[in-house]
Amino acid sequence: MLFDQPTEVRKDRALYQSLRALKTPAFVSFTDTPSVVTPDQLSYMKDFVPAELRAAANLATDPFDGAVRWIFPGGSHPEAPIGFARKAVELAGKPLPSADQIEIAWRPQPDSDTPSFKIYPSHAVTALPEEWLEGKIVLVGAVLSLTDKHRTPLSIAFDDDRGMMPGILVQAHALATYLEQRSTRRLSMAGEIIFVASLAGIGSAIAFLGSGLVLTLGLAIVVLALVWVVAFAGYSDGIPLIPLIMPTLALAFALWATEMWMGRAEKSQRQFVQRAFSRYVSPEVVQQLIEDPSKLAVSGQRQDATFLFTDIAGFTTLSESLDSHKLSELLNAYLDGMCAVIQKYQGTIDKFIGDAVMAVFNAPLPQADHAERAVRCALELDHFAEQFRAEHNSLGIPLGVTRIGIHSGQAVVGNFGSHSRMDFTALGDAVNVAARVEGVNKYFGTRICCTQAIVDQCEAMRFLPLAEVVLKGKAVSITLYAPKNTDDEFCAAYLQAYNAIETDLQRATELFQELVDRYPDAGMAGFYLKRLREGLGTRRIVMEDK
């Protein structure tokens with residue numbers, strides 16, 4: 001309360017005289033702050049309140065949030081009175097505290113129902129037992145509900161008088177800080193750094209969980225709410241004052257930064273997958289790899305896969321007879337069509353070797369029907385290649401047939417290369433076998449050749465046996481087949497002739513001769529007819545070259 005203006009003359013005179021006649025040590029709120037009192041009010045206070053009774057009632061607030069945090073020690077000019085709490089300590093006969101501005105150590109409540117200080121309404125004082133007041137320091141002040149509410153650090157947790165305190169209650173806490181020699185219980189600098197770093201670590205950990213935006217934000221809010229509740233609720237129970245703003249910002253920033261870093265890493269991973277595979281596989285497969293990168297083996301991994309090789313007969317000779325522009329146009333159109341078919345069946349285009357194409361099935365994404373998928377792809381490749389050949393033959397370009405070889409087996413599949421260049425490919429004997437099976441076609445006059453490993457996995461499809469072939473560099477023969485994509489009458493006649501090789505060579509020769517007469521383009525029949533006439537009556541063939 002400031003005695004800065006007259007009220008009732010009789011009561012003002014009585015108070016004026018009482019202040020000067022009091023035997024009990026007393027002091028009166030005073031301020032010379034221009035923003036608080038006008039010159040007339042200041043003049044009135046100087047006349048009304050004796051100089052020795054004046055105590056500066058200013059509140060030291062934080063310019064950042066306007067909260068009262070410190071004890072005002074007093075004015076800086078010589079005539080300025082000392083601070084309210086320091087004046088009380090002086091009149092109580094205690095050593096005068098230094099003029100340093102120190103932080104208020106807010107006195108906690110003994111329990112939830114007991115206030116930090118005993119508070120009595122003024123009209124009840126005469127009825128109180130004397131021993132309740134004897135030897136005590138009594139602070140008298142008016143609590144004005146609209147104008148006398150001051151923000152304190154506790155206002156974050158409490159919106160009543162415990163947080164938005166009347167000025168007289170703030171002064172009581174300041175005085176208790178001096179008298180009880182209390183200091184703010186807070187973490188040490190090292191403790192605050194560790195606490196801030198811990199919250200930042202928790203923020204990063206939440207982001208690393210990668211549980212979606214809603215769950216991530218929910219976890220962060222729960223952690224922060226728990227920290228804030230413990231900080232405020234535990235302060236009254238002896239827990240040191242915990243910093244909240246910096247740890248909260250640290251958690252939020254770490255969460256954001258980690259999300260950004262992970263987003264950039266994820267974007268980089270998507271770009272890597274797109275760069276690495278968009279040239280090799282269909283867009284649908286690329287999208288699956290982007291959505292679930294765990295399906296991508298970035299390094300080599302041994303697995304079952306099916307390998308398909310294609311090659312155009314006589315293309316090297318043809319390329320020497322065409323100018324570079326026509327050759328490029330022809331090859332690009334051919335490879336574009338072949339790639340479209342392979343990607344339709346979700347095969348992975350491993351590489352181009354001139355006019356040859358190598359494709360892999362069951363990698364990088366698993367395909368339970370990879371062998372059958374490869375055979376169906378080969379049939380459609382054959383259909384496209386034959387149409388393409390006929391079209392260009394009609395234009396005077398002697399494009400040869402496309403031969404296709406398919407084999408299934410284990411190989412090491414993954415990304416191989418240097419730091420500057422990397423390709424997705426497959427390594428292993430199964431790859432070599434597939435490549436050599438493709439070359440066998442030219443001997444049988446076929447366009448598609450498959451191994452026993454393929455046939456065993458394609459129960460729903462029908463094949464014609466070609467021979468038991470010992471490939472170049474191998475010691476054990478494998479049975480080769482051609483997919484049955486011709487009419488049933490030819491297939492039945494071919495099987496009859498093929499089986500006769502083991503039982504009746506004369507009969508086999510006659511049957512193959514009939515096949516050649518009826519189907520002059522059936523290379524398989526012509527191959528065996530020639531062998532039988534040369535006295536080679538066996539279905540086991542040893543290849544001398546690739």
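Roughly how many nanometres apart are two label points built 7 Å out from the Cα toward the Cβ at residue 317 and residue 534?
The two pseudo-label positions are separated by 1.9 nm.
Quick one: work out the % antiparallel among DSSP beta bridges in the chain, nearest 5.
So the antiparallel bridges in the chain amount to around 80 percent.
In whole Å, what is the distance between the alpha-carbon centres of region 424-477 and region 330-377?
Cα centroid of region 424-477 versus Cα centroid of region 330-377: 17 Å apart.
Considering only protein heavy atoms and a 1.4 Å probe, what is the carbon-and-sulfur percentage of the accessible area of the chain? Don't skip to the answer; put the middle values down first.
On the way: 16980 of 30120 Å².
For the chain, the apolar C and S fraction of the accessible surface comes to 56 percent.
Restricting to region 28-154, compute how many DSSP beta bridges are antiparallel as a %, nearest 5.
55
Rounded to whole Å and sorted largest first, what semi-axes of the equivalent ellipsoid does the C-alpha gyration tensor of region 433-546 yield via the square root of 5 times each eigenvalue? Provide the component values of the computation, followed by the final result.
Values: eigenvalues 91, 61, 31 Å².
After scaling each eigenvalue by five and taking roots: 21, 17, 12 Å.
Tell me, what is a quarter of the convex hull surface for the C-alpha atoms of region 470-522, in nm² with one decimal?
Projected over every direction and averaged, the Cα hull of region 470-522 covers 4.8 nm².
As a test of the formula, what do you get for the chain when each DSSP H run with n ≥ 4 contributes -39,500 (n - 2.57) and the sum is divided by the residue count, at 222 nm and rounded to the nearest 500 deg cm²/dmol?
The helix-only estimate for the chain comes to -14500 deg cm²/dmol at 222 nm.
For residue 472, go through the lysines and keep the ones whose alpha-carbon is under 30 Å away, minus same-chain ones fewer than eight residues off.
351, 442, 484, 530, 546
Quickly rank 193-199, 22-28, 448-454 as a protection proxy: mean count of other C-beta atoms within 10 Å, highest first. It would help to have the intermediate numbers written out before the result.
Details: 193-199: 16.1, 22-28: 12.9, 448-454: 24.6.
For the peptides 193-199, 22-28, 448-454, the packing ranking is 448-454, 193-199, 22-28.
Can you pull the percent of Cα pairs in region 121-199 with separation above 20 Å? Before the final figure, lay out the partial values.
Details: 1729 of 3081 pairs.
Above the 20 Å cut-off, region 121-199 has 56 percent of its Cα pairs.
Given Cα positions, please report Rg to Rh for region 362-499, the hydrodynamic radius being the Kirkwood one.
Numbers: Rg = 16.9 Å, Rh = 16.7 Å.
That ratio equals 1.01.
Note down the net charge around residue 60, summing +1 for each Lys or Arg and -1 for each Asp or Glu among other residues with Cβ under 12 Å from its Cβ.
-2
Considering only DSSP beta bridges with both partners in region 423-546, what is the antiparallel share in %, to the nearest 5?
So the antiparallel bridges in region 423-546 amount to around 75 percent.
Got a number for the accessible area of residue 325? Probe 1.4 Å, square angstrom, nearest 10.
130
For the peptides 434-440, 244-250, what is the packing order when you average, over each peptide's residues, the other Cβ atoms within 10 Å and list the highest mean first?
Put in order of decreasing packing, that is 434-440, 244-250.
Take the Cα gyration tensor of region 293-373, multiply each eigenvalue by 5, square-root it, and list the three semi-axes largest first, rounded to whole angstrom.
Over the Cα atoms of region 293-373, the ellipsoid semi-axes are 30, 12, 12 Å.
Which whole-number value in Å² is the accessible area per residue of the chain, probe 1.4 Å?
Ligands and nucleic acids excluded, the figure is 55 Å² per residue.
Treat region 451-490 as a sphere of radius equal to its Kirkwood radius over Cα pairs and apply Stokes-Einstein at 20 °C in a medium of 1.002 mPa s; give the translational diffusion coefficient in µm²/s, rounded to a whole number.
Approximately 191 µm²/s, per Stokes-Einstein.
First select every other residue whose beta carbon is under 13 angstrom from the beta carbon of residue 400; then total the charges, Lys and Arg +1, Asp and Glu -1.
Numbers: positive: 389, 403, 442, 447; negative: 311, 355, 386.
Net charge in that neighbourhood comes out at +1.
Cα convex hull of region 53-175: how many Å³ per residue?
Dividing the Cα hull volume of region 53-175 by its residues yields 141 Å³.
From the C-alpha coordinates alone, can you work out the Kirkwood hydrodynamic radius of the chain, in Å? Present the calculation step by step, with values, prior to reporting the outcome.
Working: mean 1/r = 0.0305 Å⁻¹.
Answer for the chain: a Kirkwood hydrodynamic radius of 32.7 Å.
Arranged from highest to lowest average of other beta-carbon atoms within 10 Å per residue, in what order do the peptides 302-309, 470-477 appear?
Highest mean packing first, the order is 302-309, 470-477.
If you add up the charges near residue 492, with Lys and Arg at +1 and Asp and Glu at -1, over every other residue whose beta carbon is less than 13 angstrom from its beta carbon, what do you get?
Overall, the nearby charge balance is -1.
Can you give the extra length, in nm with one decimal, that the chain gains between residue 333 and residue 96 once fully stretched, where that is 0.36 nm per residue apart less the Cα-Cα distance?
75.5 nm
With no solvent and one point per C-alpha, what does the Debye sum give as log10 I(q)/I(0) for region 24-104 at q = 0.14, 0.18, 0.21 Å⁻¹?
With one equal scatterer per Cα and no solvent, log10 I(q)/I(0) is -0.49, -0.79, -1.02.
The values are calculated or read from the model by the stated rules, or taken from the named source; none is laboratory data. Keep in mind it's a predicted model, so treat the numbers as computed, not measured. With ideal geometry, Cβ positions are generated from the backbone for all residues, glycine too; neighbour counts draw on all protein chains shown. Surface areas here come from the heavy atoms of the whole protein model, side chains and all, with no ligands, DNA or RNA. Shrake-Rupley method; radii C 1.70, N 1.55, O 1.52, S 1.80 Å.
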